[in-house]
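Here's the structure we're looking at; comments come further down.
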Amino acid sequence: MARIGFVGLGNMGGPMARNLAKAGHEVRAFDLSAAAMAAATGCTPAASAAEAATGADFVITMLPAGRHVRDAWLGAGGMAAAAAPGAVLIDCSTIDVATAREVATGLPMLDAPVSGGTMGAENATLTFMVGGPDGAFAAAEPILQAMGRSIVHCGESGAGQAAKACNNMLLAISMIGTAEAFVLAEKLGLSHQALFDVASKSSGQCWALTTYCPVPGPVPGSPANRDYAPGFAGALMEKDLGLAQQAAQETGAATPLGAHALELYRRFVAEGGAQTDFSGIIRMLRGAA
Ligand code: NAD
């Protein structure tokens, strides 16, 4: 069993750290919030991020954004300096590719963002998309398996964040497209179920339709059936689309639909959708005509 330092015990990090402790690892955990620390059942509290990192075989961060990750690893009293020379460092936060590469420079570090949401974190069924050196990945894989079901090594440093940005941009675009198809069907007098029955078996088929259908009925478990309670909140989709657009600008990639999706999700959040599931954008699209 490994000694693990874990920093960032929020909605995702809290259950992830608990799952590591449940798997028998010795977890020393730190968060700025006392309430988050108190909820980290099975973990030993640390007095600081650096203390959590000291003497650990693996050091994991699950923080809100790139600036928090840079500060935690490289700032004064940073964890990179406190970690033992052989430790494997793993950042599971969703951050921009450039910061992921900057933080990892010269370190045995993996960027390992996740998908699967808070349910995936609770149930240890997350998908990890991982960037970084082969040796660090091989060492970290069994640790990530205690928190997730699918672990994909995507390439060198930054490749995990790159995969996350590309996937979520595609998801946003396909959700908007799916929602627009239902809005048009409504205007044409075509029932939700009829469109679903046709499109789910023909070339319009996609995950946003068949697993996460933005209208109630055809897919009983989708957030549309519970008044769009998240799920995956609009604020998080806006954040991820912002990261994708930042990457597109930095690399000169043309992503016009990604840019438009960001505009639409910004409006969705500004109009009160921050804590609404991202599939709730169909309600905004209905009103837009
Ligand atoms: P959260 O806001 O619930 O948790 C972040 C935690 O980090 C908080 O408890 C905060 O106190 C702590 N923190 C901030 N700065 C710190 C510091 N310097 N030292 C120690 N602790 C610090 O966020 P979350 O929902 O757990 O998300 C974490 C990351 O995972 C984000 O990058 C998010 O985009 C990503 N993510 C979230 C979800 C989701 O469904 N919530 C899904 C996939 C990915």
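The values are calculated or read from the model by the stated rules, or taken from the named source; none is laboratory data. Note that this is a predicted model, so its numbers are computed, not measured. Please note: Cβ atoms are built from the backbone with ideal geometry, for glycine as well, and neighbour counts cover all protein chains shown.
List of remarks:
- Selection from segment 53-72 of residues that are acidic (Asp, Glu) and more than 10 Å from the ligand (Cβ to nearest atom): Asp57
- Taking residues in segment 93-108 that are closer than 13 Å to Glu156 by Cα and touching a residue at least 24 places away in the same chain (Cβ under 8 Å), and partners anywhere that are within 16 Å of the ligand (Cβ to nearest atom) and part of a loop (DSSP other than H, G, I, E, B), the pairs with Cβ atoms closer than 7 Å and at least 6 places apart or on different chains are Val97/Gly158; Ala100/Gly158; Arg101/Gly158.
- Whichever residue in segment 73-116 is of a type in the set (Asp, Glu) and touching an Asp or Glu at 6+ places or on another chain (Cβ under 8 Å) and, among such residues, is farthest from the ligand (Cβ to nearest atom): Asp111
- For segment 69-94, the tally of residues that are hydrophobic (A, V, I, L, M, F, W, C) and surrounded by fewer than 24 Cβ atoms within 10 Å (Cβ to Cβ) stands at 6.
- The condition (being surrounded by fewer than 17 Cβ atoms within 10 Å (Cβ to Cβ) and under 22 Å from Val114 (Cα atoms)) is satisfied by just one residue among Gly242, Gly258: Gly242.
- Conditions (1) polar (S, T, N, Q); (2) in a loop (DSSP other than H, G, I, E, B); (3) within 15 Å of Ile173 (Cβ to Cβ): number failed by Gln245: (2)
- Test: residue in segment 31-50 that is near the ligand (Cβ under 10 Å from one of its atoms), in a strand (DSSP E or B), modelled with pLDDT of 95 or more and buried (at least 19 other Cβ atoms within 10 Å of the Cβ): no
- Across segment 131-165, the qualifying residues are those that are under 21 Å from Arg3 (Cα atoms) and among the β-branched types (Val, Ile, Thr), and the one among them that is farthest from the ligand (Cβ to nearest atom) is Ile143.
- Scanning segment 1-30 for residues that are of a type in the set (Gly, Ala, Ser), part of a strand (DSSP E or B) and in contact (Cβ under 8 Å) with a residue 40 or more places away in the chain turns up just one, Gly5.
- Number of the condition not met by Gln275 [criteria: (1) away from the ligand (no atom under 16 Å from the Cβ); (2) of a type outside the set (D, E, K, R); (3) outside any helix (DSSP H, G or I)]: (1)
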